[in-house]
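In what follows, a structure is listed as structure tokens, so that the remarks can point back to it.
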């Protein structure tokens with residue numbers, strides 16, 4: 001495992017009603033790394049639990065996955081920032097592997113390619129949508145990506161310089177597309193994908209999945225009218241989160 005000085009890495013954890021998952025997630029944050037739990041309007045006591053477990057808590061009143069992620073990014077102070085879902089579907093203990101190439105300077109953005117550990121860990125409609133979106137991103141950027149996973153690592157100042165504007169489900173996609181446009185070295189590494197704790201706010205409902213697709217269409221429309229047309233024609237029935 002890669003050892004880094006204290007505060008050299010901040011871990012952004014967007015959070016909306018994840019009280020059940022938080023203890024498992026926070027106990028797996030690598031030693032010396034700081035957990036930034038961004039509360040996005042929880043009503044189950046998640047912020048108090050996070051605070052009791054020594055996480056730094058940020059409140060983001062505007063709902064949206066991107067809003068929570070960006071609030072965490074702007075609150076971060078470490079040179080390298082990681083992102084990870086807060087629902088126990090991804091193990092933060094694996095973040096040193098994801099962040100390693102960024103820390104040693106061999107990559108600019110590393111993304112965890114999700115590998116389901118059991119049947120049902122990744123809903124079929126969400127997985128199909130993710131594969132189609134990854135295909136469109138490959139065509140748009142020439143990056144050899146197979147997933148648009150939420151576990152990722154990059155340098156904070158470089159991320160801020162991308163000028164990310166999406167504050168909903170399109171945020172992870174916009175990060176990848178703009179990084180590619182800026183010539184970043186983007187790579188993937190496999191990470192196990194576990195059944196999440198609790199119900200997904202996006203892929204757990206058809207409405208949430210459709211909203212995610214709409215958000216990502218908007219991001220692709222900003223970059224490529226051709227890619228947008230392809231998404232519409234594909235009739236995707238899921239989201240990437």
| note | Of the residues in the range 45-75 that are part of a loop (DSSP other than H, G, I, E, B) and surrounded by 19 or more Cβ atoms within 10 Å (Cβ to Cβ), the one that is nearest to the chain's Cα centre (by Cα) is 64
| Which of the residues that make up the range 183-198 are in a loop (DSSP other than H, G, I, E, B) and farther than 20 Å from residue 121 by Cα? | 183, 184, 185
| query | Here are 148, 131, 143, 159: which of them is in contact (Cβ under 8 Å) with a residue 12 or more places away in the chain, crowded, with 18+ Cβ neighbours inside 10 Å and under 15 Å from residue 193 (Cβ atoms)? | reply | 148
| request: Confirm whether residue 34 is in contact (Cβ under 8 Å) with a residue 60 or more places away in the chain and within 21 Å of residue 100 (Cβ to Cβ). | output: no
| query | Based on what the data block shows, is residue 96 closer than 21 Å to residue 21 by Cα and either free of Cβ contacts under 8 Å to residues at least 24 places away in the same chain or buried (at least 17 other Cβ atoms within 10 Å of the Cβ) (or both)? | reply | yes
| What single numbered condition from (1) more than 18 Å from residue 164 (Cα to Cα); (2) crowded, with 20+ Cβ neighbours inside 10 Å; (3) in contact (Cβ under 8 Å) with a residue 60 or more places away in the chain fails to hold for residue 78? | (2)
| request: For the range 4-27, name all the residues that are within 17 Å of the chain's Cα centre (by Cα), closer than 16 Å to residue 82 by Cβ and outside any strand (DSSP E or B). | output: 25, 26
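Laboratory data are not the source of any read-out in this text; all were calculated from the coordinates shown. Values in this document were obtained by computation on a predicted structure and should not be read as measured data. Please note: Cβ atoms are built from the backbone with ideal geometry, for glycine as well, and neighbour counts cover all protein chains shown.
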